[in-house]
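One structure is given here, and the rest of the page talks about it.
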Amino acid sequence: MSTLVLGSIGIDDIETPFEKAEGILGGSASYAAVAGSFFGPNRMVSIVGEDFTDDQRRLFTSRGIDLDGLETAPGKTFRWGGRYAMNFDDRETTFTDLNVLAEFDPKLPASYRDSRFVVLGNTDPAVQLKVLDQLDGPEVVVVDTMNFWLDSQRDLVDEVLARANVVVVNEEEARMISGHHSIPRSALEMLDMGLEAVIIKRGAYGATLRTAGEWFFTSAYPLLEMRDPTGAGDSFAGALTGYLAREGELTDQNLRRAVVHGSVAASFSVEGFGLESLLNLTEQQMKDRYAEFLRFSRVELDID
């Protein structure tokens, strides 16, 4: 079953304390679609400029990603630069050139309108709403957002959340949405907004899932080396939604497994710059790390 992926496609300059890379393919849609492609076909909704090359397009089509919803507009593709601190959590934006992304007004192909599983990547909530308005009743909508949109367009973010099933946010964003400092309380508050599942990304400490029926906590995969954390959250959301689409049903068990698959995809993403690691990854490697993840997390019940 196909997953519709909305988000940005960008050309990034990334600098860490140890190395740098310039002009690499990035953007929320890029990471989410490639990570999701390990579980089934993806339909991409985004925009690029005339400078976006055929070779760059082939990086997506080689993963079976449908580009009928990718608009090419006069001008240049979105560009972004970031510099990471030694802890890889703190990041400074060095430049942002929206270029064609500033005028993005998505028009879905007719073939996309029946999409049942949708991931609305981190982008303008007005654009997220325009995509939802063109869909014929999706069954599962997964939403990502960020502090910028919560500060500048909170009303629109709330409209998106009211039409979503699942939200994927980090701890800061969870606190902004809920108004509570406690992460568990924030999750419960967001459930009360009508969501079926709240997933809170906690970086190196894993992720928290809350549904109406249960809590689920998972650790992050223990990496020996991290190179570029830029696409970790988008990879998480893409793999999570791709797995749910493959299973075809939003259940607590599927959500737990989807969170682990998302964590696995994110762990591979940060091992390379940009999409490098995900594009060179095999399905078997994903399966092997998923199995490792389960072994690391298993606890034998021993209750007197």
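Using DSSP loop states and a limit of at most 12 other Cβ atoms within 10 Å to flag GluC sites (Glu not before Pro), what is the longest stretch of the chain containing no flagged site?
The longest uninterrupted stretch comes out as 51-213.
Bins of 10 Å, beginning at zero and ending with the bin holding the largest distance: percent of Cα pairs per bin for segment 96-179, please.
The percentages, shortest bin first, are 17, 49, 29, 5.
Cα centroids of segment 242-304 and segment 1-37: how far apart, whole angstrom?
Segment 242-304 and segment 1-37 have Cα centres spaced 19 Å from each other.
What is the Cα centroid distance between segment 40-82 and segment 143-178, reported in whole angstrom?
25 Å
What is the Cα coordinate range of segment 1-42 on the first, second and third principal axes, sorted by size from largest, in whole angstrom?
40, 17, 12
With no solvent and one point on each alpha carbon, what is the Debye value of log10 I(q)/I(0) for segment 141-195 at q = 0.14, 0.31 Å⁻¹?
Cα-only, vacuum Debye calculation for segment 141-195: -0.30, -1.48.
Give the whole-number value, in cubic angstrom per residue, of the convex hull volume spanned by the C-alpha atoms of segment 78-221.
Value for segment 78-221: 136 Å³ per residue.
Fully extended, how many nm does the chain gain between SER297 and ARG185 (0.36 nm per residue separation, minus their Cα-Cα distance)?
On the way: separation 112, 0.36 × 112 = 40.32 nm, distance 2.43 nm.
The span from SER297 to ARG185 would gain 37.9 nm if fully extended.
Compute log10 of I(q)/I(0) for segment 81-127 with the Debye formula, placing one identical point scatterer on every Cα and leaving out solvent, at q = 0.16, 0.21, 0.22 Å⁻¹, to two decimals.
For segment 81-127, the Cα-only Debye profile gives -0.72, -0.91, -0.94.
Roughly what % of DSSP beta bridges within segment 73-201 run antiparallel, to the nearest 5?
If we restrict to bridges inside segment 73-201, about 35 percent are antiparallel.
For q = 0.12, 0.17, 0.27 Å⁻¹, what log10 I(q)/I(0) does segment 32-101 give under the Debye formula with an equal point scatterer on each alpha carbon and no solvent?
-0.44, -0.78, -1.08
Between ASP114 and GLU92, how many nm apart are label points set 7 Å from Cα along the C-beta direction?
Simple spin-label model gives 5.2 nm for this pair.
Compute, for the chain, the length of the dipole vector about the Cα centre, with Cβ point charges of +1 (Lys, Arg) and -1 (Asp, Glu) only. Units Debye, rounded to 20.
Roughly 440 debye, rounded to the nearest 20.
If you put +1 on each Lys and Arg Cβ and -1 on each Asp and Glu Cβ, how big is the dipole of segment 121-182 around its Cα centre, in Debye rounded to 20?
60 debye
For the chain, count the residues as N, evaluate 2.2 N^0.38 Å, and divide the Cα radius of gyration by that value, please. List each step's numbers first, then the result.
Details: Rg = 18.1 Å, N = 304, 2.2 N^0.38 = 19.3 Å.
That ratio works out to 0.94.
Each label point is 7 Å from the Cα along the Cα-to-Cβ direction; what then is the distance between the points at ALA162 and SER219, in nm?
With each label placed 7 Å out from Cα toward Cβ, I get 4.2 nm.
Just to be sure I follow the rule: in the chain, considering lysines 8 or more places apart or on different chains, how many pairs have Cα atoms under 27 Å apart?
7
Please compute the Kirkwood hydrodynamic radius of segment 205-304 from all pairs of different C-alpha atoms, in Å with one decimal. Provide the component values of the computation, followed by the final result.
Values: mean 1/r = 0.0704 Å⁻¹.
Result for segment 205-304, one decimal place: 14.2 Å.
What's the local net charge at MET86, with K and R +1, D and E -1, over the other residues with C-beta under 15 Å away? Kindly include the intermediate steps, with their values, before the conclusion.
Details: positive: LYS20, ARG83, ARG91, ARG227; negative: GLU15, GLU19, ASP89, ASP90, GLU92, GLU225, ASP228.
For residues surrounding MET86, the net value is -3.
Out of all Cα-Cα pairs in segment 1-143, roughly what percent, to the nearest whole number, are more than 28 Å apart? Working shown, then result.
On the way: 1938 of 10153 pairs.
The calculated P(r) of segment 1-143 puts 19 percent of pairs beyond 28 Å.
Neighbour counts of other C-beta atoms within 10 Å: give me HIS261, HIS181 arranged from fewest to most.
The most exposed by this proxy come first: HIS181, HIS261.
How about segment 1-101: which chymotrypsin sites (Phe, Trp or Tyr not before Pro) there are in a DSSP loop, with at most 12 other Cβ atoms within 10 Å of their Cβ? The partial results should precede the final answer.
Details: sites: PHE18, TYR31, PHE38, PHE39, PHE52, PHE60, PHE78, TRP80, TYR84, PHE88, PHE95; in loops: PHE18, PHE38, PHE39, PHE52, PHE88.
The qualifying sites are PHE18.
None of the figures in this text is laboratory data; all of them are computed from the coordinates on show. Please read these numbers as outputs of a predicted model, since none were measured by experiment. Cβ sites come from the backbone with ideal geometry, for glycine too, and all protein chains shown count toward neighbours.
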